[in-house]
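Participant: Below is the structure I would like to discuss, written out as C-alpha coordinates.
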Amino acid sequence: MDVKKKEKQLETKVVHEGYHSEEMLGSLAAPLFQTSTFTFDSAEQGERRFAREEDGFVYSRLGNPTVQLLEERIAALEGGERGLAFSSGMAAVSAVLISLTKANDHILCSSGLYGCTYGLLSMLKDKYHINHDFSEMNCEEEVLACLRPETTCIYIETPINPTMKLIDLQMVATVAKRYHIPVVVDNTFSSPYIQRPLEFGCDVVVHSATKYIGGHGDVIGGLVVGRSSFLDGVAMTTQKDIGGVLSPFDAWLLLRGLKTLPIRLDRHSDNAEKIVEKLGTHPRISTIYYPGDREHPNFAIYQKQMKRGAGVISFELVGDKYDVQQFLNNLEFLKIAVSLGDAETLIQHPSTMTHAVVPEAERDMMGITEQLIRLSVGLEAWQDIWEDLEQALNKLDDK
Ligand SMILES: *Cc1c(COP(=O)(O)O)cnc(C)c1O
(Lines give C-alpha, C1' and ligand atoms only; values in the text may rest on other atoms or scores of the structure.)
Protein backbone atom coordinates (compact mmCIF):
# COMPACT_ATOMS: atom_id res chain seq x y z
CA MET A 1 0.00 0.00 0.00
CA ASP A 2 1.25 3.47 -0.82
CA VAL A 3 1.50 5.29 2.46
CA LYS A 4 2.94 8.53 1.16
CA LYS A 5 3.18 11.05 3.99
CA LYS A 6 0.53 13.67 3.51
CA GLU A 7 0.52 16.85 5.54
CA LYS A 8 -1.98 16.66 8.37
CA GLN A 9 -4.81 19.13 8.69
CA LEU A 10 -4.79 21.92 11.27
CA GLU A 11 -7.34 20.13 13.49
CA THR A 12 -4.84 17.26 13.78
CA LYS A 13 -1.76 19.43 14.16
CA VAL A 14 -3.17 21.33 17.18
CA VAL A 15 -3.20 17.99 18.98
CA HIS A 16 -0.15 16.15 17.61
CA GLU A 17 2.45 18.46 16.06
CA GLY A 18 5.89 18.21 17.65
CA TYR A 19 5.07 15.14 19.75
CA HIS A 20 8.14 12.94 20.07
CA SER A 21 7.19 9.86 22.03
CA GLU A 22 10.76 8.93 22.98
CA GLU A 23 11.78 12.35 24.26
CA MET A 24 8.54 12.50 26.24
CA LEU A 25 8.97 9.02 27.71
CA GLY A 26 5.59 8.08 26.26
CA SER A 27 3.72 10.71 28.27
CA LEU A 28 0.51 11.54 26.38
CA ALA A 29 0.28 15.04 27.84
CA ALA A 30 3.24 17.36 27.27
CA PRO A 31 5.75 16.82 30.09
CA LEU A 32 6.22 19.97 32.15
CA PHE A 33 9.95 20.70 32.43
CA GLN A 34 9.63 23.12 35.32
CA THR A 35 13.33 23.81 35.65
CA SER A 36 15.54 26.86 35.43
CA THR A 37 18.68 25.07 34.30
CA PHE A 38 19.98 21.80 32.81
CA THR A 39 22.87 19.71 34.06
CA PHE A 40 25.87 18.71 31.93
CA ASP A 41 27.42 15.22 32.03
CA SER A 42 30.86 16.79 31.96
CA ALA A 43 32.67 20.10 31.75
CA GLU A 44 33.47 19.31 28.12
CA GLN A 45 29.79 18.82 27.33
CA GLY A 46 29.05 22.22 28.90
CA GLU A 47 31.72 23.76 26.69
CA ARG A 48 30.30 22.10 23.56
CA ARG A 49 26.77 23.26 24.35
CA PHE A 50 27.84 26.84 24.88
CA ALA A 51 29.85 26.69 21.66
CA ARG A 52 26.67 25.34 19.98
CA GLU A 53 28.62 22.33 18.72
CA GLU A 54 26.17 20.00 20.42
CA ASP A 55 22.37 20.21 20.61
CA GLY A 56 20.86 20.21 24.05
CA PHE A 57 19.38 22.47 26.66
CA VAL A 58 21.47 24.80 28.82
CA TYR A 59 19.27 27.24 30.72
CA SER A 60 15.51 27.86 30.42
CA ARG A 61 15.78 31.45 29.20
CA LEU A 62 17.73 30.06 26.21
CA GLY A 63 15.40 27.11 25.60
CA ASN A 64 13.18 24.64 27.42
CA PRO A 65 11.61 21.42 26.08
CA THR A 66 8.01 22.29 27.07
CA VAL A 67 8.33 25.77 25.57
CA GLN A 68 10.00 24.33 22.47
CA LEU A 69 7.10 21.96 21.88
CA LEU A 70 4.73 24.95 21.87
CA GLU A 71 7.08 26.82 19.50
CA GLU A 72 7.14 23.90 17.06
CA ARG A 73 3.38 23.54 17.23
CA ILE A 74 2.55 27.19 16.55
CA ALA A 75 5.09 27.31 13.69
CA ALA A 76 3.33 24.37 12.04
CA LEU A 77 -0.12 25.90 12.57
CA GLU A 78 0.86 29.23 10.98
CA GLY A 79 2.86 27.49 8.24
CA GLY A 80 6.17 29.11 9.23
CA GLU A 81 9.68 27.73 9.70
CA ARG A 82 10.19 28.65 13.33
CA GLY A 83 8.17 29.78 16.34
CA LEU A 84 9.28 31.67 19.44
CA ALA A 85 7.41 31.99 22.73
CA PHE A 86 7.34 35.08 24.94
CA SER A 87 6.03 36.01 28.37
CA SER A 88 3.28 38.19 26.85
CA GLY A 89 1.96 39.39 23.53
CA MET A 90 3.68 42.72 24.16
CA ALA A 91 7.03 40.99 24.81
CA ALA A 92 6.57 39.31 21.40
CA VAL A 93 5.58 42.56 19.63
CA SER A 94 8.44 44.53 21.19
CA ALA A 95 11.04 41.84 20.41
CA VAL A 96 9.99 41.86 16.75
CA LEU A 97 9.81 45.63 16.35
CA ILE A 98 13.13 46.21 18.12
CA SER A 99 14.75 43.53 15.94
CA LEU A 100 13.53 45.17 12.74
CA THR A 101 14.47 48.78 13.50
CA LYS A 102 17.27 51.10 14.54
CA ALA A 103 17.36 54.85 15.20
CA ASN A 104 15.81 56.98 12.41
CA ASP A 105 14.04 54.03 10.77
CA HIS A 106 10.33 54.20 10.01
CA ILE A 107 7.46 51.78 10.68
CA LEU A 108 4.27 51.97 8.64
CA CYS A 109 1.25 50.84 10.70
CA SER A 110 -2.38 50.07 10.11
CA SER A 111 -4.60 52.93 11.25
CA GLY A 112 -5.70 51.18 14.38
CA LEU A 113 -3.62 49.17 16.81
CA TYR A 114 -3.83 47.47 20.16
CA GLY A 115 -3.50 50.21 22.82
CA CYS A 116 -0.15 49.04 24.25
CA THR A 117 1.34 48.53 20.77
CA TYR A 118 0.46 52.17 20.21
CA GLY A 119 2.21 52.98 23.51
CA LEU A 120 5.30 50.98 22.48
CA LEU A 121 5.52 52.86 19.17
CA SER A 122 5.31 56.19 21.00
CA MET A 123 8.13 55.10 23.30
CA LEU A 124 10.31 53.94 20.38
CA LYS A 125 9.76 57.31 18.77
CA ASP A 126 10.47 59.41 21.87
CA LYS A 127 13.49 57.47 23.09
CA TYR A 128 15.08 56.06 19.95
CA HIS A 129 13.81 58.25 17.07
CA ILE A 130 12.12 55.30 15.41
CA ASN A 131 9.24 57.00 13.61
CA HIS A 132 5.90 55.64 12.52
CA ASP A 133 2.89 56.58 10.44
CA PHE A 134 -0.60 55.20 10.14
CA SER A 135 -2.27 54.25 6.89
CA GLU A 136 -5.77 53.02 6.07
CA MET A 137 -4.11 50.65 3.55
CA ASN A 138 -7.28 50.41 1.47
CA CYS A 139 -5.31 49.99 -1.76
CA GLU A 140 -1.76 49.72 -3.15
CA GLU A 141 -1.53 53.45 -3.84
CA GLU A 142 -2.38 54.25 -0.23
CA VAL A 143 0.38 51.95 1.07
CA LEU A 144 2.91 53.25 -1.48
CA ALA A 145 2.20 56.87 -0.61
CA CYS A 146 3.27 56.26 3.00
CA LEU A 147 6.47 54.31 2.36
CA ARG A 148 9.77 56.12 2.90
CA PRO A 149 13.34 55.16 2.03
CA GLU A 150 13.87 54.45 5.74
CA THR A 151 10.75 52.27 6.17
CA THR A 152 12.01 48.94 7.55
CA CYS A 153 8.76 47.39 8.66
CA ILE A 154 5.04 47.36 7.89
CA TYR A 155 3.03 46.43 10.97
CA ILE A 156 -0.64 45.54 10.66
CA GLU A 157 -3.57 44.25 12.61
CA THR A 158 -6.49 42.73 10.76
CA PRO A 159 -9.20 42.70 11.98
CA ILE A 160 -8.20 46.00 13.54
CA ASN A 161 -8.87 46.23 17.24
CA PRO A 162 -11.50 47.41 18.13
CA THR A 163 -13.14 48.66 14.91
CA MET A 164 -12.92 45.29 13.10
CA LYS A 165 -11.85 46.90 9.83
CA LEU A 166 -9.97 44.46 7.56
CA ILE A 167 -6.79 44.90 5.53
CA ASP A 168 -6.02 42.87 2.41
CA LEU A 169 -2.93 40.90 3.47
CA GLN A 170 -1.98 39.80 -0.03
CA MET A 171 -2.18 43.35 -1.38
CA VAL A 172 0.09 44.74 1.36
CA ALA A 173 2.55 41.82 1.03
CA THR A 174 2.79 42.34 -2.74
CA VAL A 175 3.68 46.03 -2.40
CA ALA A 176 6.11 45.37 0.46
CA LYS A 177 7.94 42.65 -1.45
CA ARG A 178 8.83 45.09 -4.23
CA TYR A 179 10.75 47.17 -1.70
CA HIS A 180 11.98 44.24 0.45
CA ILE A 181 10.13 45.53 3.50
CA PRO A 182 9.03 42.83 5.95
CA VAL A 183 5.32 42.72 6.83
CA VAL A 184 4.44 41.83 10.43
CA VAL A 185 0.86 40.83 11.21
CA ASP A 186 -0.74 40.71 14.65
CA ASN A 187 -3.00 37.67 14.22
CA THR A 188 -4.42 37.69 17.76
CA PHE A 189 -8.05 38.31 16.76
CA SER A 190 -8.12 35.39 14.34
CA SER A 191 -5.66 32.68 15.39
CA PRO A 192 -4.21 30.35 12.73
CA TYR A 193 -7.50 28.45 12.53
CA ILE A 194 -9.17 31.48 10.97
CA GLN A 195 -6.39 33.33 9.15
CA ARG A 196 -2.79 32.46 8.20
CA PRO A 197 -0.98 35.64 7.07
CA LEU A 198 2.19 33.82 5.93
CA GLU A 199 0.14 32.07 3.23
CA PHE A 200 -0.63 35.51 1.77
CA GLY A 201 3.04 36.47 1.56
CA CYS A 202 3.44 38.27 4.90
CA ASP A 203 6.72 37.65 6.73
CA VAL A 204 6.10 37.52 10.46
CA VAL A 205 3.07 36.68 12.61
CA VAL A 206 2.76 37.82 16.22
CA HIS A 207 0.17 36.68 18.74
CA SER A 208 -1.07 37.55 22.12
CA ALA A 209 -1.51 33.88 23.06
CA THR A 210 -3.37 35.21 26.09
CA LYS A 211 -6.50 35.38 23.93
CA TYR A 212 -7.82 32.61 21.64
CA ILE A 213 -4.73 30.39 21.77
CA GLY A 214 -4.91 30.01 25.55
CA GLY A 215 -8.66 30.41 25.44
CA HIS A 216 -9.35 29.97 29.14
CA GLY A 217 -8.36 33.32 30.63
CA ASP A 218 -5.65 31.81 32.83
CA VAL A 219 -2.36 32.68 31.14
CA ILE A 220 -0.49 35.64 29.62
CA GLY A 221 1.77 34.72 26.70
CA GLY A 222 3.03 35.76 23.28
CA LEU A 223 4.14 33.92 20.14
CA VAL A 224 6.02 34.83 16.98
CA VAL A 225 6.27 32.79 13.77
CA GLY A 226 8.38 33.45 10.69
CA ARG A 227 11.47 32.44 8.76
CA SER A 228 14.34 30.82 10.68
CA SER A 229 16.77 33.37 9.24
CA PHE A 230 14.85 36.15 11.02
CA LEU A 231 13.77 34.33 14.18
CA ASP A 232 17.22 32.85 14.87
CA GLY A 233 18.39 36.46 15.17
CA VAL A 234 15.47 37.43 17.43
CA ALA A 235 16.16 34.40 19.64
CA MET A 236 19.83 35.32 20.03
CA THR A 237 19.30 39.03 20.66
CA THR A 238 16.02 40.60 21.73
CA GLN A 239 14.58 37.41 23.19
CA LYS A 240 17.70 36.17 24.99
CA ASP A 241 19.03 39.52 26.17
CA ILE A 242 15.83 41.40 26.98
CA GLY A 243 14.53 38.14 28.35
CA GLY A 244 10.74 38.20 28.11
CA VAL A 245 10.54 34.42 27.76
CA LEU A 246 7.54 32.22 28.45
CA SER A 247 7.60 30.06 31.58
CA PRO A 248 7.36 26.28 31.10
CA PHE A 249 4.06 26.10 33.00
CA ASP A 250 2.51 28.82 30.85
CA ALA A 251 3.69 26.94 27.74
CA TRP A 252 2.02 23.85 29.16
CA LEU A 253 -1.26 25.75 29.62
CA LEU A 254 -1.08 27.11 26.08
CA LEU A 255 -0.47 23.61 24.66
CA ARG A 256 -3.53 22.44 26.55
CA GLY A 257 -5.59 25.35 25.21
CA LEU A 258 -4.43 24.88 21.63
CA LYS A 259 -5.87 21.37 21.38
CA THR A 260 -9.42 22.73 21.33
CA LEU A 261 -8.70 25.88 19.28
CA PRO A 262 -10.68 24.85 16.16
CA ILE A 263 -13.78 23.71 18.02
CA ARG A 264 -13.73 26.71 20.31
CA LEU A 265 -13.43 29.13 17.40
CA ASP A 266 -16.28 27.50 15.52
CA ARG A 267 -18.43 27.88 18.60
CA HIS A 268 -17.29 31.50 19.21
CA SER A 269 -18.11 32.25 15.56
CA ASP A 270 -21.52 30.52 15.63
CA ASN A 271 -22.45 32.44 18.78
CA ALA A 272 -21.17 35.75 17.40
CA GLU A 273 -23.21 35.34 14.20
CA LYS A 274 -26.36 34.90 16.29
CA ILE A 275 -25.57 37.91 18.49
CA VAL A 276 -24.88 40.09 15.42
CA GLU A 277 -28.28 39.11 14.04
CA LYS A 278 -30.01 39.97 17.33
CA LEU A 279 -28.13 43.24 17.89
CA GLY A 280 -29.19 44.31 14.41
CA THR A 281 -32.84 44.21 15.47
CA HIS A 282 -32.41 46.40 18.57
CA PRO A 283 -33.28 50.12 18.29
CA ARG A 284 -30.50 51.16 20.74
CA ILE A 285 -27.77 49.76 18.48
CA SER A 286 -26.71 52.01 15.60
CA THR A 287 -23.76 50.26 13.95
CA ILE A 288 -22.31 46.77 14.15
CA TYR A 289 -18.80 45.79 13.11
CA TYR A 290 -18.25 42.05 12.58
CA PRO A 291 -16.01 40.66 9.83
CA GLY A 292 -18.29 37.72 8.98
CA ASP A 293 -21.28 40.04 8.46
CA ARG A 294 -22.37 40.45 4.81
CA GLU A 295 -22.98 44.13 5.58
CA HIS A 296 -19.35 44.65 6.63
CA PRO A 297 -17.64 47.07 4.21
CA ASN A 298 -14.66 44.70 3.90
CA PHE A 299 -16.71 41.54 3.37
CA ALA A 300 -14.77 40.76 0.15
CA ILE A 301 -11.50 40.75 2.11
CA TYR A 302 -13.12 38.54 4.74
CA GLN A 303 -14.04 36.01 2.07
CA LYS A 304 -10.52 36.05 0.70
CA GLN A 305 -8.51 35.57 3.89
CA MET A 306 -10.65 34.51 6.85
CA LYS A 307 -12.36 31.18 7.51
CA ARG A 308 -14.85 32.46 10.11
CA GLY A 309 -15.60 35.74 11.88
CA ALA A 310 -14.33 34.60 15.34
CA GLY A 311 -15.90 35.97 18.52
CA VAL A 312 -15.25 39.71 18.63
CA ILE A 313 -18.03 42.13 17.73
CA SER A 314 -17.93 45.89 18.12
CA PHE A 315 -21.05 48.01 18.07
CA GLU A 316 -22.20 51.53 18.76
CA LEU A 317 -24.92 52.36 21.20
CA VAL A 318 -27.33 55.21 20.59
CA GLY A 319 -26.44 57.60 23.44
CA ASP A 320 -23.31 58.85 25.14
CA LYS A 321 -20.54 57.58 27.41
CA TYR A 322 -22.89 57.51 30.40
CA ASP A 323 -25.42 55.37 28.53
CA VAL A 324 -22.62 52.96 27.66
CA GLN A 325 -21.56 52.78 31.30
CA GLN A 326 -25.16 52.28 32.43
CA PHE A 327 -25.58 49.50 29.85
CA LEU A 328 -22.47 47.68 31.12
CA ASN A 329 -23.59 48.10 34.72
CA ASN A 330 -27.02 46.67 33.84
CA LEU A 331 -25.52 43.32 32.77
CA GLU A 332 -26.42 40.49 35.09
CA PHE A 333 -23.91 37.72 34.40
CA LEU A 334 -21.82 38.86 31.45
CA LYS A 335 -18.48 40.16 32.67
CA ILE A 336 -17.08 43.67 32.25
CA ALA A 337 -13.42 43.02 31.45
CA VAL A 338 -10.77 43.70 28.84
CA SER A 339 -9.11 40.75 27.07
CA LEU A 340 -10.96 38.45 24.70
CA GLY A 341 -11.11 34.91 23.38
CA ASP A 342 -12.12 33.33 26.68
CA ALA A 343 -14.91 30.88 27.46
CA GLU A 344 -16.68 33.75 29.27
CA THR A 345 -18.28 36.55 27.28
CA LEU A 346 -16.37 39.75 28.06
CA ILE A 347 -17.46 43.29 27.35
CA GLN A 348 -15.48 46.52 27.52
CA HIS A 349 -15.52 50.19 26.54
CA PRO A 350 -12.43 50.89 24.34
CA SER A 351 -12.37 54.70 24.66
CA THR A 352 -12.13 54.58 28.47
CA MET A 353 -10.39 51.21 28.80
CA THR A 354 -8.14 49.50 26.20
CA HIS A 355 -7.64 52.63 24.09
CA ALA A 356 -7.69 55.28 26.83
CA VAL A 357 -3.93 55.78 26.25
CA VAL A 358 -4.54 56.84 22.64
CA PRO A 359 -5.01 60.66 22.38
CA GLU A 360 -8.56 61.65 21.49
CA ALA A 361 -7.69 63.04 18.03
CA GLU A 362 -6.11 59.74 17.07
CA ARG A 363 -8.96 57.77 18.57
CA ASP A 364 -11.31 59.75 16.34
CA MET A 365 -9.13 58.95 13.33
CA MET A 366 -9.25 55.27 14.27
CA GLY A 367 -13.04 55.38 14.61
CA ILE A 368 -13.05 54.72 18.35
CA THR A 369 -16.02 56.80 19.46
CA GLU A 370 -17.29 57.03 23.02
CA GLN A 371 -20.35 55.01 21.92
CA LEU A 372 -18.23 52.08 20.73
CA ILE A 373 -18.43 48.87 22.76
CA ARG A 374 -16.35 45.74 22.22
CA LEU A 375 -17.89 42.38 22.95
CA SER A 376 -15.90 39.13 23.01
CA VAL A 377 -18.59 36.50 22.61
CA GLY A 378 -17.84 33.46 24.75
CA LEU A 379 -18.79 29.80 24.64
CA GLU A 380 -22.03 30.05 26.65
CA ALA A 381 -25.46 29.37 25.09
CA TRP A 382 -26.05 32.29 22.73
CA GLN A 383 -29.64 32.64 23.95
CA ASP A 384 -28.39 33.38 27.48
CA ILE A 385 -25.82 35.86 26.17
CA TRP A 386 -28.48 37.67 24.15
CA GLU A 387 -31.00 37.66 26.98
CA ASP A 388 -28.53 39.46 29.24
CA LEU A 389 -27.52 41.98 26.56
CA GLU A 390 -31.15 42.63 25.68
CA GLN A 391 -32.35 43.22 29.24
CA ALA A 392 -29.39 45.57 29.83
CA LEU A 393 -30.28 47.52 26.67
CA ASN A 394 -33.98 47.64 27.54
CA LYS A 395 -33.27 49.05 31.00
CA LEU A 396 -31.61 52.14 29.47
CA ASP A 397 -33.52 55.41 29.68
CA ASP A 398 -35.32 56.31 26.47
CA LYS A 399 -33.41 58.35 23.92
C1 LIG B 1 -3.94 41.56 24.02
C2 LIG B 1 -3.33 41.96 22.74
C3 LIG B 1 -1.95 42.25 22.64
C4 LIG B 1 -1.03 42.22 23.84
O5 LIG B 1 -0.92 40.94 24.38
P6 LIG B 1 -0.59 40.65 25.92
O7 LIG B 1 -0.56 39.16 25.97
O8 LIG B 1 -1.64 41.26 26.76
O9 LIG B 1 0.76 41.26 26.19
C10 LIG B 1 -1.46 42.57 21.40
N11 LIG B 1 -2.26 42.65 20.32
C12 LIG B 1 -3.57 42.41 20.39
C13 LIG B 1 -4.40 42.53 19.15
C14 LIG B 1 -4.16 42.06 21.60
O15 LIG B 1 -5.47 41.83 21.66
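The values are calculated or read from the model by the stated rules, or taken from the named source; none is laboratory data. Everything numeric here is computed off the predicted structure, so don't read it as measured data. Glycine also receives a Cβ, built like all others from the backbone with ideal geometry; neighbour counts cover every protein chain displayed. These area figures cover heavy atoms from the full protein model, side chains too; ligands, DNA and RNA do not enter into them. Shrake-Rupley method; radii C 1.70, N 1.55, O 1.52, S 1.80 Å.
Participant: Quick one: net charge around residue 12, please, counting Lys, Arg +1 and Asp, Glu -1 for every other residue with C-beta under 14 Å from its C-beta.
Facilitator: Its environment carries a net charge of +3.
Participant: Let me check something: with ligands and nucleic acids excluded, how do 128, 193, 114 order by accessible area (1.4 Å probe), largest to smallest? List each step's numbers first, then the result.
Facilitator: Working: 128 115, 193 15, 114 70 Å².
From most exposed to least exposed: 128, 114, 193.
Participant: Let me ask you something else. Please list the radius of gyration and Dmax for the range 10-258, considering alpha-carbon atoms only, with Å as the unit.
Facilitator: Values for the range 10-258 (Cα only, Rg and Dmax): 18.5, 61 Å.
Participant: Sticking with this one: Convex hull volume of the Cα atoms in the range 118-264, per residue, in Å³?
Facilitator: In the range 118-264, the Cα convex hull volume per residue is 134 Å³.
Participant: If only Cα atoms are counted, what is the Rg of the range 262-398, and what is its Dmax, in Å?
Facilitator: 14.4, 42
Participant: Hey, in the GNM for the chain with a 10 angstrom Cα cutoff, which one of 270, 105, 126 fluctuates hardest?
Facilitator: Checking each option, the largest mean-square fluctuation is seen for 126.
Participant: Could you give me the ³J(HN,Hα) list for the range 56-62, computed from phi with Karplus coefficients 6.51, -1.76, 1.60 and θ = phi - 60°, whole Hz, x at Gly and Pro?
Facilitator: x, 8, 10, 7, 5, 5, 8
Participant: Could you give me the ³J(HN,Hα) list for the range 85-92, computed from phi with Karplus coefficients 6.51, -1.76, 1.60 and θ = phi - 60°, whole Hz, x at Gly and Pro?
Facilitator: Values per residue, Gly and Pro as x: 10, 10, 6, 6, x, 5, 5, 5 Hz.
Participant: Over all distinct alpha-carbon pairs, what is the Kirkwood Rh of the range 211-309 in angstrom?
Facilitator: With all distinct Cα pairs of the range 211-309 included, I get 16.7 Å.
Participant: With θ set to phi - 60° and the Karplus curve 6.51 cos²θ - 1.76 cosθ + 1.60, what are the ³J(HN,Hα) couplings of the range 132-143 in order, to the nearest whole Hz, using x for Gly and Pro?
Facilitator: Running phi through 6.51 cos²θ - 1.76 cosθ + 1.60 with θ = phi - 60° gives 8, 9, 10, 9, 5, 6, 6, 7, 3, 4, 5, 5 Hz.
Participant: Now for a different question. Note the angle between two axes, namely the Cα long axis of helix 115-128 and the longest principal axis of the Cα atoms of the chain, as a number of degrees from 0 to 90, rounded to the nearest 10.
Facilitator: 60 degrees
Participant: Solvent-accessible area of residue 93, probe 1.4 Å, all protein chains present, reported in Å² to the nearest ten, please.
Facilitator: Rounded to the nearest 10, the figure is 10 Å².
Participant: Also: Quote the accessible area belonging to residue 220 in square angstrom, nearest 10, computed with a 1.4 Å probe and with ligands, DNA and RNA left uncounted.
Facilitator: Residue 220 exposes around 100 Å² with every protein chain in place.
Participant: Could you work out the percent of alpha carbon pairs in the range 45-110 separated by over 20 Å, rounded to a whole number?
Facilitator: So the portion of pairs separated by more than 20 Å is 48 percent.
Participant: Might you work out the accessible area of residue 120 for me, using a 1.4 Å probe with all protein chains in place, and round it to the nearest 10 Å²?
Facilitator: Rounded to the nearest 10, the figure is 20 Å².
Participant: What residues qualify as long-range amide H neighbours of residue 221, i.e. H under 5 Å apart, gap of 5 or more or another chain, H built at 1.01 Å from N?
Facilitator: Placed amide hydrogens put 89, 209, 210 under 5 Å from residue 221.
Participant: Going by Cα centres, the range 99-168 and the range 278-332 are how many Å apart?
Facilitator: Spelled out, the Cα-based centre of one part sits 25 Å from the other.
Participant: Any number yet on Rg/Rh for the range 315-391, C-alpha, Kirkwood?
Facilitator: Result for the range 315-391 is an Rg/Rh of 0.98.
Participant: Also, I was wondering about something else. Got a sec? What order do 219, 245 fall in by accessible area at 1.4 Å, biggest, i.e. largest, first?
Facilitator: Working: 219 10, 245 35 Å².
In descending accessible area the options line up as 245, 219.
Participant: Taking only Cα atoms, what is the 0 to 90° angle, nearest 10, from helix 321-330's long axis to the longest principal axis of the chain?
Facilitator: 80 degrees
Participant: Beyond a 24 Å Cα-Cα separation, which of these cross-linked pairs lie in this structure: 125/211; 307/335; 165/211; 278/321; 177/240; 5/304?
Facilitator: Beyond 24 Å between Cα atoms: 125/211; 307/335; 177/240; 5/304.
Participant: If you don't mind, another one. Over all distinct Cα pairs, what is the inverse of the mean 1/r for the range 1-148, reported as the Kirkwood hydrodynamic radius in Å? Show your work: numbers first, answer last.
Facilitator: Working: mean 1/r = 0.0517 Å⁻¹.
Across the range 1-148, the inverse of the average 1/r is 19.3 Å.
Participant: When the solvent-accessible surface of protein heavy atoms is calculated with a 1.4 angstrom probe, in what order do 13, 321, 125 fall, highest first?
Facilitator: Largest accessible area first, the residues go 125, 321, 13.
Participant: In square angstrom, what is the accessible area per residue of the chain with a 1.4 angstrom probe?
Facilitator: Values: 18000 Å² over 399 residues.
I get 45 Å² per residue for the chain.
Participant: Could you work out how much longer the chain between residue 102 and residue 24 gets when fully extended? Use 0.36 nm per residue separation minus the Cα distance between them, nm to one decimal.
Facilitator: Between residue 102 and residue 24, full extension yields 24.0 nm more.
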